[in-house]
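> Encoded as structure tokens, here's the structure I'll be asking about.
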Amino acid sequence: MTDPLRFLWRMVLFLVIVAGVAAMLSGTLSIALAANPVLDAVILGVLLIGILWNVRQVVSLRREVFWVEAFQNSRASLSALPAPKLLAPMASMLAARAKRANEAGNARVTLSGPAMRGLLDSIQSRLDESRELSRYMTGLMIFLGLLGTFYGLLLTVSSVGDVIAGMSVGSGDVAVLFNQLKTGLAQPLRGMGTAFSVSMLGLSGALVLGFLDL
């Protein structure tokens, strides 16, 4: 069977590349993170949890691979092997068949085609269930990115309204109007920074978690 460490090293290599790109863009990213530290921290926290969960899922497969290889190579007793979690139905069925075979004086344990197909379907469904949280994390990253976008746009629209309402046109002094406009545009620009920075982090995090899930 394929060693899960092979995929784990691919995940580590991908994360190193992502970290390298982030380091190259550290100046721009620091400005983006300063636009809205709270939402950006939430997105980075979800990203970290998603990365750790995907790594845990791959590492947990080593026990299953060890169980299958030990049973194939050494033909050891099922009770002497560490109990698997993902392959629990297969372990239970093989244990029952091994017991019946020993009682009948036959040391060989076999599975019929339909039984093996049912076991493989059960394993596939359990694998899909274990990946549901990872897929939810990916969707959550996209949702948080969109949420930050709408939040930033809401801040921008309300700030533009405040700028227009606060401008005093009656003075007729162009320099005063320009200074008022320059000062008032700081808040709308901050809102746009929030919208774009959160969207960038959310979609980038979803890309990272999507690759790790694969």
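The values are calculated or read from the model by the stated rules, or taken from the named source; none is laboratory data. Not measured: the values here are computed from a predicted model. Neighbour counts are summed over all protein chains in view; Cβ atoms, including those assigned to glycine, are modelled from backbone coordinates with ideal geometry. All accessible areas refer to the heavy atoms of the entire protein, side chains included, with ligands and DNA or RNA removed. Shrake-Rupley method; radii C 1.70, N 1.55, O 1.52, S 1.80 Å.
> Order Arg126, Arg56, most accessible first, counting only protein heavy atoms with a 1.4 angstrom probe.
Arg56, Arg126
> What distance in nm lies between label points placed 7 Å from Cα along the C-beta direction at Ser60 and Arg117?
Result for the modelled spin labels: 2.9 nm.
> Determine, from the Cβ-Cβ distance of Thr28 and Leu127 and an R0 of 30 Å, the FRET efficiency 1/(1 + (r/R0)^6), rounded to the nearest 0.05.
For Thr28 and Leu127, the calculated efficiency is 0.20.
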